Each structure stands twice: as structure tokens, then as C-alpha cells.
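Worksheet: one structure, shown below.
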Amino acid sequence: IKGQYGKHFAVYDETLRNKLLREQEITDSMEWALSEEQFLVYLQPKYATEGEGRLAGAEALVRWNHPEWGFLSPAEFIPLFEKNGFITKLDQFVWERSCAILRQWIDQGYPRIPISVNVSRADIYQANLADVLVGFIEKYQLSPSLLHLEITESAYTENQEQIIDTLDHLRGLGFIIEMDDFGTGYSSLNMLNEMPLDILKLDMKFIQSETAKPAEEGILRFIMGLARWMELSVVAEGVETKEQWERLCELGCDYVQGYYFAKPMPAREFEKLLKSEEEA
Ligand code: C2E
Ligand code: CA
Ligand code: CA
Ligand code: CA
């Protein structure tokens with residue numbers, strides 16, 4: 001038994017060591033990767049449930065195309081960047097790219113749809129957050145309402161006073177605030193009432209669970225009703241099947257996003273969607 005115990009420990013040690021090595025490699029190459037344009041902004045379409053699934057927006061999702069490692073998943077590097085602070089720099093890059101894309105769409109005469117960018121918890125505590133965002137909006141001459149800010153639900157639980165102030169300010173400037181991953185279990189209904197918000201983004205766990213629990217239908221209906229009451233729009237993400245899509249329409253969800261419609265794609269490819277929307 002003792003021997004086996006030791007073996008297990010060694011295995012654990014090995015994976016931990018590999019993980020730390022990998023993290024070190026990522027940390028060593030992130031600045032260089034940014035300057036070498038290895039980070040790419042992908043866009044995933046959002047559709048309105050009304051108007052036969054009209055293209056209604058996009059979410060900007062970052063990808064790292066490393067010359068040796070290939071495409072890295074955000075799950076591998078975003079948590080690390082949130083720890084070491086690089087997320088602030090990377091997010092600003094994604095915001096600026098998104099603004100540049102919005103400007104290009106307007107110049108091409110495409111239908112005006114917003115892009116939602118992810119705002120990490122660390123970004124909210126940057127004193128110059130609003131200045132940075134306004135700087136991009138002015139540089140690319142955009143209406144701030146075209147830039148939606150997705151902030152994960154768990155970020156709302158700490159320093160609520162400060163978050164409320166920051167979001168109030170941003171909303172006052174015209175940005176649209178989306179609460180991402182809503183329903184993952186951190187927020188209380190009381191907090192929801194106090195947060196300056198425009199859109200609730202339902203976490204995908206709600207609609208993806210194969211074995212629908214009896215209470216789940218009730219919870220979904222309750223959230224939809226609450227959102228309507230509070231005059232918030234609801235976006236469902238992670239929609240993978242026709243059944244899920246139909247159910248969300250029936251529940252009165254406003255927007256949907258997921259592999260059933262399209263995966264995140266390069267901006268060039270997304271442009272084709274806008275073009276066909278224009279022709280429709
Ligand atoms: P998120 O903001 O909740 O983004 C949704 C994730 O679900 C994305 O994963 C998206 O590709 C994926 N997804 C979309 N449709 C479906 C579907 O139908 N089924 C399933 N299973 N997944 C779907 P991705 O792109 O790997 O990003 C993962 C997370 O990394 C994001 O979760 C977000 O928290 C973070 N992230 C991605 N890009 C950025 C960024 O530019 N800045 C920051 N701060 N975080 C980012
Ligand atoms: Ca998001
Ligand atoms: Ca989400
Ligand atoms: Ca998430």
C-alpha cells in the first residue's frame with residue numbers, strides 16, 4: 001500500500017510539474033505573441049428569436065494561434081492571464097480589434113449590429129477602464145451602444161459598491177452591459193435588482209443538461225419572467241440543438257447563440273453572414 005501511495009504521489013507531482021512548465025512557457029511568450037499578432041479575434045453570431053432568426057449581434061472570442069503549438073483554447077490561457085494580469089492588455093487588444101471591425105462594417109454599409117466583448121473581473125478594477133473604452137469608441141467613431149460589455153456573474157459578488165459605480169458610469173456613457181454566465185450560482189436576486197444591467201446571458205448549463213430536472217423548467221420560466229419584469233433582454237448561449245432552440249423561443253428568450261447556428265469564426269467569414277443578411 002505504501003508503495004502504491006508513493007507512485008500516485010509521483011504521478012500527481014509529474015502532472016503538476018508539467019502544468020507549471022506549460023504555464024511558464026505561456027507566460028514567457030505572451031508579450032511576444034501579442035506583438036507578433038498571434039492573438040486573433042473570432043466572432044460568434046447571436047440571433048434574435050423574433051423575425052425568423054435575424055442576425056442580431058456577435059460575441060468576440062479570442063484565439064491564440066501559436067506557431068508551434070497551434071490553436072490554444074482560451075480555457076488554457078485566460079485563467080493564467082487573469083492571474084498574472086496580462087488579461088487587461090489582451091482584452092484591450094480584443095476591444096480595439098472589435099471596434100475596428102465595427103467601423104469597417106459601417107464603412108461597407110452592412111446592417112449595424114453590436115459586438116459583445118468580454119470584460120474580465122480584473123479589467124473592472126482598472127481606474128481608466130471607461131477612458132480606454134471611450135478612447136476606442138472615439139478613435140473608430142462609433143456609437144457606444146454598438147459595444148456590449150459581457151461581465152461574468154461571479155465578478156459581481158465582490159466589492160459591489162465599486163462595481164455598481166463603474167457600471168453606472170459605463171451605462172451612462174452609452175455602453176450596454178450584459179451579465180454573462182447568469183445562474184451559475186453566485187448572485188442573489190437582491191443583487192440583480194441593484195446592478196446596472198441591460199442583458200442577462202443565461203449560462204449554458206441551463207439549457208444543455210440532457211436529463212432535465214423537474215425544477216429546471218420552473219427556474220427557466222421564472223428567470224424569463226423576472227427579466228421581462230426588470231426590462232432586461234435574455235440571451236441563451238450554448239444552443240446546440242433544434243429542440244433547445246424551439247424551447248427557448250417558446251420560453252420567450254430574446255436572443256440565442258450556439259453551435260446549432262454557428263461556431264466562432266474569423267471576422268472575414270462573419271462578414272459573409274452580414275452580406276447575406278443584407279441581401280435577405
Ligand atoms: P464565455 O464568455 O462564456 O464564452 C462562451 C464559450 O462557449 C466560448 O468558448 C464559445 O466558443 C463556447 N460556445 C459557443 N457556443 C457553444 C455551444 O453551442 N456549445 C458549447 N459547448 N460551447 C459553445 P471559448 O471561446 O473557448 O471561450 C471560453 C471562455 O474564455 C469564455 O467563456 C470567456 O470566459 C473566456 N474568453 C474568451 N475570449 C475572451 C476574451 O477576449 N477576453 C476575456 N476576458 N475572456 C475571454
Ligand atoms: Ca462571454
Ligand atoms: Ca458565458
Ligand atoms: Ca463562461
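The values are calculated or read from the model by the stated rules, or taken from the named source; none is laboratory data. Computed from a predicted model, the values in this text were never measured in an experiment. Note that we place each Cβ from the backbone using ideal geometry, even for glycine, and neighbour counts take in every protein chain shown. Please note that ligands, DNA and RNA were not included when accessible areas were found on the heavy atoms of the full protein model with its side chains. Shrake-Rupley method; radii C 1.70, N 1.55, O 1.52, S 1.80 Å.
Residue-level check: of (1) open to solvent by 10 Å² or more (accessible area, probe 1.4 Å); (2) not in a helix (DSSP H, G or I), Gln104 misses just (2).
Cβ-Cβ distances below 7 Å connect the following pairs, each with a first residue in the range 62-75 that is assigned to a strand (DSSP E or B), a second residue that is near ligand 1 (Cβ under 6 Å from one of its atoms) and open to solvent by less than 50 Å² (accessible area, probe 1.4 Å), and a separation of six or more residues or different chains: Val62/Pro74; Val62/Val94. Could you list, in sequence order, the residues of the range 148-193 that are under 22 Å from Val94 (Cβ atoms), away from ligand 3 (no atom under 16 Å from the Cβ) and open to solvent by less than 10 Å² (accessible area, probe 1.4 Å)? Listed by number, the residues that qualify are Ile163, Leu167, Leu170, Phe175. On the stretch given as the range 194-219, residues that are modelled with pLDDT of 80 or more and either within 16 Å of ligand 3 (Cβ to nearest atom) or among the aromatic types (Phe, Trp, Tyr) (or both) total 12. For the range 111-133, the set of residues classified as open to solvent by 30 Å² or more (accessible area, probe 1.4 Å), away from ligand 4 (no atom under 16 Å from the Cβ) and closer than 15 Å to Leu167 by Cβ consists of Tyr125, Gln126, Ala127, listed by residue number. When the residues of the range 52-76 are filtered to those that are under 24 Å from Glu279 (Cα atoms) and open to solvent by 60 Å² or more (accessible area, probe 1.4 Å), which remaining residue is nearest to ligand 1 (Cβ to nearest atom)? Selected residue: Arg54. As a summary of the residue check, Pro114 satisfies the conditions (1) under 15 Å from the mean Cα position of the chain (by Cα); (2) within 13 Å of ligand 1 (Cβ to nearest atom) except for the one numbered (2).
Residues of the range 133-174 that are of a type in the set (Asp, Glu) and part of a strand (DSSP E or B): Glu150 alone.
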